[in-house]
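Reading through the structure tokens given below for one structure.
Any read-out appearing in this document is the output of simple, stated calculations on the displayed coordinates, not a laboratory observation. All of these numbers come straight from a predicted model, not from anything done at the bench. Positions of Cβ are backbone-derived with ideal geometry, glycine not excepted, and every protein chain shown enters the neighbour counts.
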Amino acid sequence: MTASSLSFRLAVVFVIVGIAMGIGMAASQNHAIMPAHAHLNLLGWVSLFLFGIYYERRPALDTSRLALMQVGLWSAGTIVLTVAVAAIHLGYPAADPIAAVASLVVLAAMFLFAYFVFRPAASIAPGRPVRVTPAE
Ligand code: HEM
């Protein structure tokens, strides 16, 4: 599987769970897990989908194991961070160190992505530009 298709698939799963959390909060009028909902949607849906677009436009990177690793690391960090943040806001402060470790995992995944973005242009050149035909 390519890094982009893994990103898109996981992003859709995350946003379904994120939306369900949002509907649950609205229906119950209990917004305690709002920070977990926000993190899941922004790390799991928005960021992951953006990674997918970036990878899809760079075919050589898209098929690399390192890019797959970046998506895996980011997703694992997002899941653990979301659960830990929810636990903290539901009254389990013991989850704090777990959230801290997960946040460092997410940071490490972002450093890996930064490496892809900043490394010499020759190795990460985008694929052919998408042709857009204007409507009549
Ligand atoms: C049907 C879908 C959704 C529902 C029902 C929903 C519901 C909610 C609710 C009830 C809150 C708490 C508001 C508060 O306590 O002030 C909230 C907060 C939030 N949601 Fe959603 N949400 C949905 C989708 C999304 C999506 C797709 C994103 C991001 C891409 C998102 C990002 C956020 C953020 C960032 C906050 C925190 C806002 C703040 O700090 O005031 N939500 N949402």
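Tabulated values for the structure
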quantity	calculated
Sorted by Cβ neighbour density within 10 Å, fewest at the top, the residues Leu112, Leu6	Leu112, Leu6
Helix-derived mean residue ellipticity, 222 nm - over the chain, DSSP H n ≥ 4, -39500 (n - 2.57), to 500	-22500 deg cm²/dmol
Sorted by Cβ neighbour density within 10 Å, fewest at the top, the residues Asp96, Asp62	Asp96, Asp62
Helix 96-118 vs. the chain, principal-axis angle (Cα, 0 to 90°, nearest 10)	10 degrees
Hydrodynamic radius (Kirkwood) for the stretch 3-118, which is based on Cα pairs only, to one decimal in Å	14.5 Å
Packing-based exposure ordering (other Cβ within 10 Å, fewest first) of Arg58, Arg9	Arg9, Arg58
The stretch 1-30 and the stretch 78-115: distance between their alpha carbon centers, rounded to Å	17 Å
Electrostatic dipole magnitude of the chain [Cβ: Lys, Arg +1; Asp, Glu -1; Cα centre; debye, to 20]	400 debye
Acute angle (nearest 10 degrees) that the helix 65-89 long axis makes with the longest principal axis of the chain, alpha-carbon atoms	20 degrees
